[in-house]
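The values are calculated or read from the model by the stated rules, or taken from the named source; none is laboratory data. In this text, all values refer to a predicted model and were calculated from it rather than measured experimentally. Here Cβ is always computed from backbone atoms with ideal geometry, including for glycine, and neighbour counts include all displayed protein chains.
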Amino acid sequence: MKVFTTGQVAKICKVAPRTVSKWFDSGRLKGYRIPGSQDRRIPREYLIKFLKEHGMPLGDLEDEAMAKVLLVGQDQVLIENLKTQLPVERSFRVAVAASGFEAGLQAESFHPDCIVVDFSIGRIEALQICQNLRRNPEYTEVILIALLPDDGNSNSFDRSTINETFKKPFDVALLAERLKTLIGSRKELVR
C-alpha cells in the first residue's frame with residue numbers, strides 16, 4: 001500500500017503543506033500519525049477518495065486509480081448503457097471511437113486498460129483494429145473484448161488476439177461486471 005507525506009499530498013493537490021495538515025487535523029483527509037512523531041501519513045486510497053469527494057483532479061494518480069475503457073462502435077444505446085454502468089465516481093472513464101482510425105488515435109492519447117470492439121462497425125474493420133492493436137508492443141497487455149453480432153454467421157476467425165467475446169444481444173450490466181473483474185485483477189481500483 002502506497003502512503004504519502006503531507007508534502008507529497010500538497011504537491012499533488014497544488015496547495016501548501018499547512019493546508020493538507022488542516023484537512024488531516026479536521027478529519028476530512030483520513031490517515032495516521034507516525035508513532036512518537038507529529039508526522040502524518042495518508043494512504044493512497046484515502047487520498048484518491050478525498051480528491052474524488054471534493055471534485056479535485058487526480059493528476060498523476062489518475063492512471064493508477066482509474067480504469068480506462070475505450071469502446072469502438074457506433075451503437076448509441078450500447079455506449080450510453082455502458083457509460084451508465086461504468087460511472088466516473090466508480091473509478092471508470094469511458095472513451096468512444098466510431099472507426100478504426102479514431103480508435104488508433106484514442107488508444108494513443110487515452111491509454112486504455114481495456115478496448116471493447118463492437119463488430120457491428122464491420123467485421124473486417126473490427127478484425128483489423130484487433131490485429132493492429134496486438135501487433136503494437138504498447139498494447140499487448142490491453143484487455144481486448146469483441147462484441148459479436150447475432151447474424152447467424154459462424155464467426156470463424158482467429159480469436160487469439162481477443163481476450164473475450166460477447167454475443168449480441170447481451171446484458172450490458174454483465175459486460176460491465178466482467179470489465180470490473182478483468183481490470184480490477186490488474187489495477188487496484190478505489191471506489
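Computed quantities for the displayed model
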| read-out | value |
| --- | --- |
| Restricting the stretch 143-176 to residues that are of a type in the set (Gly, Ala, Ser) and surrounded by fewer than 17 Cβ atoms within 10 Å (Cβ to Cβ), the residue that is modelled with the lowest pLDDT | SER154 |
| Residue selected from the stretch 120-150 under the condition closer than 15 Å to PHE166 by Cα and in a loop (DSSP other than H, G, I, E, B), by the criterion nearest to the chain's Cα centre (by Cα) | PRO149 |
| Top-ranked residue in the stretch 26-51 [being hydrophobic (A, V, I, L, M, F, W, C) and not in a loop (DSSP other than H, G, I, E, B); ranked as nearest to LYS187 (Cα to Cα)] | ILE48 |
| Search result, residues across the stretch 98-121 that are small (Gly, Ala, Ser) and more than 20 Å from ARG186 (Cα to Cα) | ALA98, SER99, GLY100, ALA103, GLY104, SER109, SER120 |
| Residue in the stretch 70-77 that is under 18 Å from GLU177 (Cβ atoms) and assigned to a strand (DSSP E or B) present | yes |
| Residue that is surrounded by the fewest Cβ atoms within 10 Å (Cβ to Cβ) [pool: residues in the stretch 53-77 that are at pLDDT 90 or above and aliphatic (A, V, I, L, M)] | VAL77 |
| Residue, surrounded by the most Cβ atoms within 10 Å (Cβ to Cβ), within the stretch 100-142, restricted to residues that are over 22 Å from THR84 (Cα atoms) and among the hydroxyl-bearing types (Ser, Thr, Tyr) | TYR139 |
| In the stretch 61-96, the residues that are without any contact (Cβ under 8 Å) to a residue 60 or more places away in the chain and closer than 18 Å to PRO149 by Cα | LEU71, VAL72, GLN74, ASP75, GLN76, VAL77, ILE79 |
| Scan of the stretch 1-25 for residues that are part of a loop (DSSP other than H, G, I, E, B) and either surrounded by 14 or more Cβ atoms within 10 Å (Cβ to Cβ) or modelled with pLDDT of 95 or more (or both), ordered by number | VAL15 |
